[in-house]
Amino acid sequence: MTSTNNLSIGFKVSQHKKNQRLQVITLSQKTVKTFSEKISQYNVQSIEYKPFLRFYIANSLNQATKNTLGNYLLKTIKDRSTGAVILECESMDDPSINGIDFIDFNILLSTAISHLIGVPNLDSMSGKFYARFSVTNEDNSDSYLRQAHRRMELHNDGTYVKELTDWVIMQKILEVNVEGGDSLLLHVDDWQDLDKFYQHPLAKENLQWGSPASKNVGYKTYHPIFLDEQVEGQPRMSFIDQFVEPLNMDQGLYLYEMGESLESEANTFNVKLLEGSILIINNYIWLHGRDKFIAHQNLHRELLRQRGVFVENTGYENNKNV
Ligand SMILES: [Fe+2]
């Protein structure tokens, strides 16, 4: 790694106090201002309609940091020892974001981030490269994604789609009457039972994965819990309790024990995201979930999600079943 990859101009880096793997980036007010001036002529619709504009926006943000932010993000997300970033802005008041609507600015900002670390996959729930969704007190959906009063168990994203999901971006864009509901995080290497499950005969066996109707994915996929090792020969995971479909008792009990182990893991930690902050994780080395909310009649939270791949995994080769 060259030393230029460690440069940070126009943003500060610190380690999260609960877990040193998690890096906290704060964009300076000047960086936010320079970026917003450069992109103020574009709105959310224009970046939805024109994919190349998303790269222009990403480049504008990178230029505001003398081209250091993109390198830093990629290096950190790819590095197994870290692999996760919280990105915040020093200021998001009206003058800092150049009068751009707050929610629009947030969408433009996370789009810039996603295109500095690769390309987002099409989100089949929204039909766009990103998905926005609300969590409220009442919900009738068919998965735990939007259900406020229960903990969403630790999992990896993209288990039931054919495409690779190298990274996940989760952004909080609005929060009213919210108590609880923190993000839960666990690095695969911090899971104390990892070896027990990784050395198990079923660790590399293909399992069946499906999803409920709301996901708009009309097929099954087949892959093991532990994906091929990277160069270093360390395990990466693709697991979610709701969408893996065991086909025999051995698989069922292996998965049951895995779920129990993950949910009782003491190294899992929770992170509170402020409005406007963005969590970026390497999806195959970090498990994520969400703690339950404290009931409140007018609880309302708006989230934005992007999932995608590093540039080397774009195009027709972006298929983990190939
Ligand atoms: Fe998720």
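The values are calculated or read from the model by the stated rules, or taken from the named source; none is laboratory data. In this text, all values refer to a predicted model and were calculated from it rather than measured experimentally. Quick reminder, even Gly has a Cβ in these numbers, built from the backbone with ideal geometry, and neighbours come from all protein chains shown. Keep in mind that these areas ignore ligands, DNA and RNA; they rest on the heavy atoms of the full protein, side chains included. Shrake-Rupley method; radii C 1.70, N 1.55, O 1.52, S 1.80 Å.
What to note about this one:
- Looking only at region 177-201, and only at residues there that are of a type outside the set (Gly, Ala, Ser) and in a strand (DSSP E or B), the one that is farthest from the ligand (Cβ to nearest atom): His187
- When residues in region 152-176 are screened for being away from the ligand (no atom under 15 Å from the Cβ) and farther than 17 Å from Thr314 by Cβ, 4 of them pass.
- Matching residues, region 272-292, being at pLDDT below 95, within 16 Å of the ligand (Cβ to nearest atom) and open to solvent by less than 50 Å² (accessible area, probe 1.4 Å): Leu273, Arg290, Asp291
- Options Leu194, Leu207: the member that is touching a residue at least 24 places away in the same chain (Cβ under 8 Å), outside the structural domain of Leu22 (by TED's automatic domain parsing) and within 21 Å of Phe269 (Cα to Cα): Leu194
- Residues of region 96-108 satisfying the condition of being buried (at least 16 other Cβ atoms within 10 Å of the Cβ) and over 22 Å from Arg301 (Cβ atoms): Ser96, Asn98
- Per-region count, region 253-271, residues within 16 Å of the ligand (Cβ to nearest atom) and crowded, with 21+ Cβ neighbours inside 10 Å: 1
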